[in-house]
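Inspection log for the structure reproduced underneath, given as structure tokens.
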């Protein structure tokens, strides 16, 4: 699929990054100081707020009359194929479930459903996997409108595909790091291990989200990938898994997850290059 040209100017990009960095710094500081849980939701919608403002600047830079329809389209809120959304939900299931299954095999006593029939496990977890993902979209969409709805299409015009995927994924990783340093996210390992492991895990997720967005022309596949990732890991698999050492193997700092997610990202990237994305 040919990458769409939108002719973003420097002011729109500058507006986006200034708003994201300043507002996120304030909210993340409040979270690290013990602020209420609701601040996480606010934080996840800051990229969307920044994208909304940057898209308004886009109209002015290009001398266009403001259009609500185009404003939504510039945010990536477009229709797309159902299979792209389903792929967004499937990818996290693969790169998260396989590591957890290996860990449960290595440490069966840490698996809450050890010895329970598969039909019972499936009956218990399927509703949470599906309904929880739809609920998680409410917050994940805020990030994805900013990261993949605005940032990726705006950068790809200037940097090309490869550098855009690297820069956007690294920026997304770094955006999370103050929360890890402040101890409010993904605890369970020493910080010197946690930070590089988290980046190694989340970077390829950003690559996949960027590729899905560019291929579909819509932010919805990336939003569902992000929502499914958060739901599967934090609200399902992590809750049924014990063990003081689990964060070295699974979740967003686990070695097994890192290996799986890089393999999937490589496959998706190679396919995208063959399709001349």
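Of note:
- Applying 1/(1 + (r/R0)^6) with r as the Cβ-Cβ distance of residue 134 and residue 78 and R0 = 30 angstrom yields a FRET efficiency of 0.95.
- Using alpha-carbon coordinates, inclination of helix 220-230 to the longest axis of the chain, degrees: 30
- Given (1) 66, 47, 40; (2) 58, 44, 36; (3) 65, 44, 30, the label whose value is Cα extents along the principal axes in Å derived from this model: (3)
- Compared with the dominant Cα axis of the chain, that is its longest principal axis, helix 152-181 is turned about 50°.
- The alpha carbon centroids of the stretch 40-70 and the stretch 154-173 are separated by 19 Å.
- Neighbour-count order for 28, 157, fewest beta carbons within 10 angstrom listed first: 157, 28
- Stretched out straight at 0.36 nm per residue, the stretch from residue 259 to residue 62 would grow longer than its current Cα-Cα span by 66.6 nm.
- Placing a label point 7 Å from the Cα of residue 11 along the Cα-to-Cβ direction, the residues of the stretch 64-93 whose backbone N falls under 20 Å of that point are 64-68, 70-72, 74-75.
- Crossing angle, helix 191-216 versus the chain [Cα axis fit, 0-90 degrees, rounded to tens]: 50
- Residues of the stretch 238-277 falling in the label zone of residue 120, defined by backbone nitrogen less than 17 Å from a point 7 Å along Cα to beta-carbon, are 240-241.
- Highest to lowest packing among 164-175, 253-264, 102-113, 70-81, scored as the average C-beta count within 10 Å: 253-264, 164-175, 70-81, 102-113
- Among 218, 251, sorting on how many other beta-carbon atoms sit within 10 Å of each Cβ, with the fewest leading, yields 218, 251.
Bear in mind that the values in this text are calculations on the coordinates, not laboratory data. For clarity, every value in this text was computed on a predicted model and none was experimentally measured. In this analysis, Cβ positions are derived from the backbone assuming ideal geometry, glycine residues included, and neighbour counts consider all displayed protein chains.
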